[in-house]
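The values are calculated or read from the model by the stated rules, or taken from the named source; none is laboratory data. Just so it is clear, the structure is predicted and the values come from calculations on it, not from any experiment. Cβ sites come from the backbone with ideal geometry, for glycine too, and all protein chains shown count toward neighbours.
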Amino acid sequence: MHKKILFAVLISLNIIAVSFGQEQTNQDSIDVTVIDSYVSPEIPHHFLLSFFTSSKCKSKLLIDNKYEYTISDTLTEDHNIKVDITGLNFKTKSVPYIILVQDSSGHTFKSDKYEFELPGEIKIQSESNFLLLCLFGATVFALPSPVFVTTKDGNYFSLTKEIPILTFRSASYSYPAGYFSAEYSYIFNAQDKNFFRIGYKEIFVAPVFEYVSPGLDLFTNFQGYNGVSAEFSVGWFKLFNTFTVYTRYRFNLKPGEGGKNFNEISLGLYSSFFSIYF
């Protein structure tokens, strides 16, 4: 009789151990590997997340421990989501998030804690009126840059306005990889006053400065004064987390007429706020 009781107890313990072992195996069996995680710099801002799991499961996203979104309500290994975060409020620029996964047995598990970086515009938006921000940004963005121009005939003062048109994303949250721009310049008291430029600038994030940026432009005054410009810019510091104060040196070459070449040193504000991103 005692042997039967002991045998039943052993069988029960074995079943419990197997069940517990299966639970542990299930818990450890789903690995989350994040492929992409970033916030789009253009408005409206979206958080884009993609990842895969080691086995098929359902998934949810929890941002800042208060915003929850369903990623996949069916069992799958590939997961991705695009969340509009323009209207959300965050206390810090680095926003934490976790991924919740549920296996076929209904067990739910949490991933490690991850973070994504907010563009400066969102942080300012949460602290002030968005309409005022847009008006202020548009006003600052419209300001022309002062330029010191040196030519064979003398020195002149110029105003120029560069507008980034097409911008290319990079792995950095701070700056894009580069951009195409259009620019208009007016040189006071010079014989040739009006110039229009199109060009490309490459941006490299630097450890000491905000960035360094070499560039190449084509210019014309639409009256036969055509040429090419080589330039180099240094971004010094950010203003209101949206604009970067920079200085630029540019050499303008008119092929075949060395006397028409001229140099420029300018001070300006860079922002890709109104640019189209690719």
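Which residues, taken from region 198-213, are surrounded by 15 or more Cβ atoms within 10 Å (Cβ to Cβ), part of a loop (DSSP other than H, G, I, E, B) and either of a type in the set (Val, Ile, Thr) or modelled with pLDDT of 95 or more (or both)?
The one that is surrounded by 15 or more Cβ atoms within 10 Å (Cβ to Cβ), part of a loop (DSSP other than H, G, I, E, B) and either of a type in the set (Val, Ile, Thr) or modelled with pLDDT of 95 or more (or both): ILE203.
Could you tell me how many of the residues in region 175-190 are of a type in the set (A, V, I, L, M) and without any contact (Cβ under 8 Å) to a residue 24 or more places away in the chain?
Matching residues across region 175-190 total 1.
Within region 148-167, can one find any residue that is in a loop (DSSP other than H, G, I, E, B), surrounded by 16 or more Cβ atoms within 10 Å (Cβ to Cβ), under 27 Å from the mean Cα position of the chain (by Cα) and not assigned by TED's automatic domain parsing to the domain that holds SER40?
No, the conditions are met nowhere in region 148-167.
Considering only residues that are among the acidic types (Asp, Glu) and within 30 Å of SER272 (Cα to Cα), look in region 42-95 and name the one that is nearest to the chain's Cα centre (by Cα).
Per the stated criteria, the residue is GLU42.
Can you pull out every residue in region 248-262 that is in a strand (DSSP E or B) and surrounded by 15 or more Cβ atoms within 10 Å (Cβ to Cβ)?
In the first step, residues of region 248-262 are kept if they are in a strand (DSSP E or B); the result is 248-253, 262.
ARG248, ARG250, ASN252, LEU253, PHE262 - these are the residues of region 248-262 that are in a strand (DSSP E or B) and surrounded by 15 or more Cβ atoms within 10 Å (Cβ to Cβ).
Residue-by-condition table, conditions (1) among the aromatic types (Phe, Trp, Tyr); (2) modelled with pLDDT of 90 or more; (3) touching an Asp or Glu at 6+ places or on another chain (Cβ under 9 Å); (4) closer than 29 Å to VAL39 by Cα:
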{"position": "PHE157", "(1), (2), (3), (4)": "yes, yes, no, no"}
{"position": "SER170", "(1), (2), (3), (4)": "no, no, no, yes"}
{"position": "TYR184", "(1), (2), (3), (4)": "yes, yes, yes, no"}
{"position": "LYS193", "(1), (2), (3), (4)": "no, yes, no, no"}
{"position": "PHE196", "(1), (2), (3), (4)": "yes, yes, yes, no"}
{"position": "PHE219", "(1), (2), (3), (4)": "yes, yes, yes, no"}
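Within region 237-247, which residues are surrounded by fewer than 19 Cβ atoms within 10 Å (Cβ to Cβ), touching a residue at least 24 places away in the same chain (Cβ under 8 Å) and either small (Gly, Ala, Ser) or closer than 24 Å to ASN155 by Cβ (or both)?
Passing the criteria: only VAL245.
Among residues belonging to region 264-275 that are at pLDDT 95 or above and surrounded by 15 or more Cβ atoms within 10 Å (Cβ to Cβ), point out the one that is farthest from ILE163 (Cα to Cα). Steps first, answer last, please.
Within region 264-275, the subset at pLDDT 95 or above is 264-267.
Now narrow it down to the ones that are surrounded by 15 or more Cβ atoms within 10 Å (Cβ to Cβ): 264, 266.
On the way: GLU264: 18, SER266: 15 Å.
Ranking the qualifying residues of region 264-275, first place goes to GLU264.
Of all residues being outside any strand (DSSP E or B) and acidic (Asp, Glu) in region 29-84, which is farthest from ILE99 (Cα to Cα)? Just the residue, please.
Going through the qualifying residues, I end up with GLU42.
Would you call SER266 in contact (Cβ under 8 Å) with a residue 40 or more places away in the chain, in a strand (DSSP E or B) and over 21 Å from PHE168 (Cα atoms)?
On the way: in contact (Cβ under 8 Å) with a residue 40 or more places away in the chain: yes; in a strand (DSSP E or B): yes; over 21 Å from PHE168 (Cα atoms): yes.
So SER266 fits the description; yes.
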